[in-house]
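Contents: one structure, followed by commentary.
The values are calculated or read from the model by the stated rules, or taken from the named source; none is laboratory data. This one's a predicted model, so the numbers in the text were calculated from it and none came from an experiment. Positions of Cβ are backbone-derived with ideal geometry, glycine not excepted, and every protein chain shown enters the neighbour counts. The accessibility values were calculated without ligands, DNA or RNA, using every heavy atom of the protein model including side chains. Shrake-Rupley method; radii C 1.70, N 1.55, O 1.52, S 1.80 Å.
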Amino acid sequence: MSLPPIDLAVFHENGFIRKQCRITELWFWTADHDRTTCGDTTEDEYTFIGAPLIQGYPMRGKELKDAMRETFLTFFEQREHTRVAPYPVLARWRDDIHLTIASIADFQPHVTSGEVEPPANPLTISQPCIRLTDVDAVGRSGRHLTTFEMMAHHVFNRPEDGKMFYWMEECVRFCHELMTEALGIDPLEITYVENPWCGGGNAGAAVEVIVGGLELATLVFMNLEEHPEGEIELKGDRYREMPLQIIDTGYGLERFCWAAAGTPTIYESIYPESTTWLKDLASFSTITSQWPSLDLDALLGEMSRLNGIMNIEPGVDAEELQNTFLRRLDERGIKVTAEQFSAVTEPLAKIYAIPDHLHALCHMLGDGLVPSNAKAGYLARMLARRTLRLRDELNLDVSLADLARHHIEVNLGSAAMKQTHDGLLGILALEETRYGEMLRKGGNVINTQLKNVPKEATSIPDETLFNMNDSHGLAPDMAVNLAKKAGWNSVSVRTGFAAEMAERHAKLAKQAAQAVEAKPLVDGTLTVPSTQLLFYDDVQQQEFDASVLACLPLVGEDLPEGATHAVVMDKTCFYPEGGGQEGDYGSLSTASSQGRVIDTRKFGDHVLHLTDGPFEKGDLVHGSIDWKRRKQLMDHHTAVHIVGGAARRILGPHIYQAGANKSVEMARLDITHFNRLTREDLDAIEALANEVLGQVQRTEKTELDRKDADKKYGFDLYQGGAPKGSSIRILRIADHDIQACGGTHHDEPGQIGSIRIVRSSAVQDGVERLHIVAGQAALTYAREQDTLLRSMSELYGVPNIELPKTSQRFYNEWKDQRKRIEQLEAEIVRLRTSGGGSDSKEVDGVRIVIMEAHGNLKKMTKMLKELTLDKQNPTLAVLGSKEGGGKLMIAVTENTVAAERYDAVVLLREIAPHINGGGGGRPTLAQGGGSNPDGLDAALDAARAAVGLSN
RNA sequence: GGGCGUUUAGCUCAGUUGGAAGAGUGCUUGGUUUGCAACCAAGAUGUCGUGGGUUCAAAUCCCACAACGUCCA
């Protein structure tokens, strides 16, 4: 069974009839009875360009967006919806996506799964969203944006509980009223297209609202979930109804603005000041003034109309696309040459893309994101770099920070941001510096990579281009530009290369997507009641009595040494590993037996005590935790929170926890920051953290409903990761740090004693790892450092304070002496071989030196250099050493009679067997070694014999 | 989270099947000319990122770690 037709009274009342589109074959409702297409097809052109369909909005830009948004939200407020403030664009409450891609994303997964109540019901919202999938099309298509606001009205119905607010009929009626009454759109321009929606395991009927050829809104009625035995089939999958029935709508704010403005592209509607400013900076008027007869607005308008119906896929060949455009523009009476077309549209596309990219960038950084080369931070860097490239291609003489400053002034106004303006601009300045550095290095990269490519080549090998893009950040067209500057004058990017590269990246991504699921510790599922957690009531409790509900043999792979069984009890004060805090150790005992608890883990709602032996179901046990260990873990865990708060206060609002680990020896806290931390930074954080220890008497622990927690504290609560349940534990250390955290914490921070930040290291760009010791571990650390220093100072025989100076002196002396030794060794060789001593004989004009030396091959090399460098004195030198199993080196003076007569390699091969060895080299220099140093004399004798010398 | 790249003189970088550590620039000194400069000659500067391994022999091959960079999800 598929979905039934959507047949609503609101359609009939307004004179709409149901028809099937002759192109897409989708069913749609229209008031225009002659209409044969659904409105969103290759034949439905935009009708609003130059002829706005929404009246009464003469303003542009931010003012227009503000007015349109207000109209929408007020409309729904007046119809019993509660206005909800927008969520951040960084989806910190989710672990599956980085960015908020739709208004419904605000409520996934906790609200849409039914676990948590929505903040209001029904509600209306205008949610800033960022989608980077179409980033290539932004500016070029006339309508694509990476950042937009999705206006919405959402309803979460629960018919089984008698909570049914409204469904299709009312929803479509609201929409129709908004369109026709509030915004004055002619009903003849509206089509409602039936097009079922599915994604992420859910599905439902959906209506696309097309106005003037542009999809303005989508109304989704999400009431199905994927299930193998479901009755309803959609696009190959089976679905069944679910208890929660959600209305998910999305109205594109910017598209409404466009329909109200009727500008040639969407960008002039929403970023008019920016496009004007950038056109001016890019001297765009000097381009157009070349052809005074060219009607720019007509051209752009036609292009937009064409863009709307020509589905431009990413990676489509630019030249082919241009030809299609020219042909179709010609059909419409717009005469433009290929040269004019690209001269006008190429810079314009860049000018349009810049404010869009800046908007996304300011939103992301404003939410506290730190640019990086990984994770969400990479998205910000990518946008920053794209913007910089666009700027450079347009030859704009303006910094990225200035672009952003202008954008904030004009398009964001006084909108609240988590990051400070100075912080944001500072980060962008840093990004620009890094981009410049990358470009500067690009020149060298080109020369290295193209070493084997002839200068007259017309293309660069694919592999090289891929490599330069992936490893060095040089996009193909940048690489080609640099290559041209470096002397490869005729290279160009081959047609279709960009598409191939995208395909290749997609393939790699697919391979990487295969996630590895951890194996469970025990087989099957536990049906016994969930474990009562005593440690939340009293973190100081060390002992308890409980009864064993189950005892299972351990089967997983990642098990601690000696653990054999998992014991489940009705209650426990053992803390299971979680939130970066390691599990508790300790013991369990009954009247007759005792077992060690080697680790504690979480398994659903149960706590597994990993023991070194079995217990019987029904046993009454006495549990006792290793308190010293627990106390240390608590010291570290609470310290991590305090240090995190201190770092935020010292470094700025962008500091966010990116991960943490607390063991007995030390704790690690990963924080997001745009620079490497100096020791001064660490000292300041450490000082503040210790100050907090003294100032805050008690920590405050509360348990709040998720909905209330979000409202009260915002999303910075979820530093430790997105929580699963509806009830949230909150640890509050005065106003210093407030976080959702399930770990065990001190009631009095003072119990920690002291906190030391040992050092910082880089986890990845944009994430710094702080190594922290607290409490007893801090003392242990101090003692270890002290011991280390003492042993050093005893070794040198100087006080601690002198150590750096002394080791510097030793290092310098070592270097000096090494150099001196080399000089002396050379001197020895000179002395031994000069003046025709017994080590040196002459045979037919060639000096023959055969002697035993000392030292390794490197030292003998120096000697040989002395001996054979002088062309005036042709020499054959054979040196042998007994070091390391015996070494032999032979050299002859190059380009002399000696080299003609003797081959070092041949001679070496002849004599090397005496020391059981081998070797090789060049005819003028050979070296080898063996394993029989005692044969050295025999080897040297053999050499003498070979050249005709004998004793 | 995954992939890739880089690390050699103060700086920018070469370094071929493993076999004598290099260039350009900068630095020092001398010469020529002296308005900066330019030119000529000589010279100094190296833990070849760190730690292991293979080998007679490692900047070079293998492994681990670190730092830096980059692409993608």
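Worth a mention:
- Checked against (1) farther than 30 Å from A:Ile354 by Cβ; (2) open to solvent by less than 20 Å² (accessible area, probe 1.4 Å), A:Arg173 meets all criteria but (2).
- The listed residues are A:Ala926, A:Ala942, A:Ala946, A:Ala912, and the only one of them that is more than 19 Å from A:Glu827 (Cα to Cα) and either near RNA strand B (Cβ under 8 Å from one of its atoms) or open to solvent by 80 Å² or more (accessible area, probe 1.4 Å) (or both) turns out to be A:Ala926.
- Within segment A:863-880, the residues that satisfy the criterion of being within 10 Å of RNA strand B (Cβ to nearest atom) and crowded, with 16+ Cβ neighbours inside 10 Å are A:Met863, A:Leu864, A:Glu866, A:Leu867, A:Thr868, A:Ala877.
- Those residues of segment A:471-497 which are open to solvent by 20 Å² or more (accessible area, probe 1.4 Å) and either within 27 Å of A:Arg434 (Cβ to Cβ) or within 16 Å of RNA strand B (Cβ to nearest atom) (or both), in sequence order: A:Ser471, A:His472, A:Gly473, A:Asp477, A:Met478, A:Asn481, A:Leu482, A:Lys484, A:Lys485, A:Ala486, A:Gly487, A:Val493
- Hits in segment A:706-744 - residues which are of a type outside the set (Ser, Thr, Tyr), touching a strand residue (DSSP E or B) at 6+ places or on another chain (Cβ under 8 Å), surrounded by 14 or more Cβ atoms within 10 Å (Cβ to Cβ) and closer than 20 Å to A:Glu117 by Cα: A:Arg706, A:Ala709, A:Asp716, A:Leu717, A:Pro723, A:Ile728, A:Arg729, A:Ile730, A:Ala740
- Residues that are out of contact with any Phe, Trp or Tyr (no Cβ under 8 Å at 6 or more places or on another chain) and surrounded by fewer than 19 Cβ atoms within 10 Å (Cβ to Cβ), drawn from segment A:216-230: A:Pro228, A:Glu229
- Residue count for segment A:745-765, restricted to those that are in contact with a Pro (Cβ under 9 Å, 6 or more places away or on another chain) and open to solvent by less than 10 Å² (accessible area, probe 1.4 Å): 0
- Hits in segment A:348-373 (condition: more than 25 Å from A:Asn395 (Cβ to Cβ), part of a loop (DSSP other than H, G, I, E, B) and within 16 Å of RNA strand B (Cβ to nearest atom)): A:Leu369, A:Val370, A:Ser372, A:Asn373
- Any hit, segment A:564-584, residues being open to solvent by less than 10 Å² (accessible area, probe 1.4 Å), of a type in the set (Gly, Ala, Ser) and over 42 Å from the mean Cα position of the chain (by Cα): no
- The residue that is nearest to A:Phe341 (Cα to Cα), counting only those in segment A:110-125 that are surrounded by 22 or more Cβ atoms within 10 Å (Cβ to Cβ) and modelled with pLDDT of 90 or more, is A:Ile125.
- For segment A:180-195, the count of residues that are over 30 Å from A:Leu296 (Cα atoms), in a helix (DSSP H, G or I) and acidic (Asp, Glu) is nonzero.
- 2 or more residues within 16 Å of RNA strand B (Cβ to nearest atom) and within 20 Å of A:Asp670 (Cα to Cα): qualifying strands (runs of 3 or more DSSP E) within segment A:721-783: A:755-764, A:767-774
- Of all residues in segment A:844-862, those being open to solvent by 20 Å² or more (accessible area, probe 1.4 Å), in a loop (DSSP other than H, G, I, E, B) and at pLDDT 75 or above number 2.
- Top-ranked residue of segment A:881-906 - restricted to ones that are open to solvent by 10 Å² or more (accessible area, probe 1.4 Å) and closer than 12 Å to A:Gln927 by Cβ, ranked as farthest from RNA strand B (Cβ to nearest atom): A:Val905
- Filtered by the rule that a residue be over 22 Å from A:Gly301 (Cβ atoms), in a helix (DSSP H, G or I) and basic (Lys, Arg), segment A:33-84 gives A:Lys62, A:Arg69.
- A:Phe810 meets each of the listed conditions (1) open to solvent by 50 Å² or more (accessible area, probe 1.4 Å); (2) within 15 Å of RNA strand B (Cβ to nearest atom); (3) modelled with pLDDT of 90 or more apart from (3).
- In segment A:627-637 there is no residue matching the filter, namely being open to solvent by 60 Å² or more (accessible area, probe 1.4 Å) and of a type in the set (Asp, Glu).
- Total residues in segment A:385-415, condition on the phi < 0 side of the Ramachandran plot, open to solvent by 60 Å² or more (accessible area, probe 1.4 Å) and touching a residue at least 60 places away in the same chain (Cβ under 8 Å): 3
- Test for A:Ile23: is it surrounded by fewer than 16 Cβ atoms within 10 Å (Cβ to Cβ) and in contact (Cβ under 8 Å) with a residue 12 or more places away in the chain: yes
- Out of A:Ser285, A:Ser342, A:Ser274, sole residue that is of a type in the set (Gly, Ala, Ser), over 30 Å from A:Ala506 (Cβ atoms), open to solvent by 10 Å² or more (accessible area, probe 1.4 Å) and part of a helix (DSSP H, G or I): A:Ser285
- Residue under evaluation A:Ala376, criteria (1) within 11 Å of RNA strand B (Cβ to nearest atom); (2) surrounded by fewer than 20 Cβ atoms within 10 Å (Cβ to Cβ); (3) in a helix (DSSP H, G or I), criterion not met: (2)
- Residue check for A:Asp136: free of Cβ contacts under 8 Å to residues at least 24 places away in the same chain and buried (at least 18 other Cβ atoms within 10 Å of the Cβ): no
- Candidate set from segment A:452-470 (those that are more than 15 Å from RNA strand B (Cβ to nearest atom) and open to solvent by 50 Å² or more (accessible area, probe 1.4 Å)); member that is nearest to the chain's Cα centre (by Cα): A:Ser459
Residue by residue, here is whether (1) modelled with pLDDT of 90 or more; (2) more than 24 Å from A:Phe574 (Cβ to Cβ); (3) in the same structural domain as A:Ser372 (by TED's automatic domain parsing) holds:
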residue: A:Asp735; (1), (2), (3): no, yes, no
residue: A:Cys741; (1), (2), (3): no, no, no
residue: A:Thr744; (1), (2), (3): no, no, no
residue: A:Glu748; (1), (2), (3): yes, no, no
residue: A:Ser754; (1), (2), (3): yes, yes, no
residue: A:Ser761; (1), (2), (3): no, yes, no
residue: A:Asp765; (1), (2), (3): no, yes, no
residue: A:Gly775; (1), (2), (3): yes, no, no
residue: A:Ala778; (1), (2), (3): yes, yes, no
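- Residues of segment A:416-448 that turn out to be open to solvent by 50 Å² or more (accessible area, probe 1.4 Å) and either modelled with pLDDT of 80 or more or away from RNA strand B (no atom under 16 Å from the Cβ) (or both), as a count: 12
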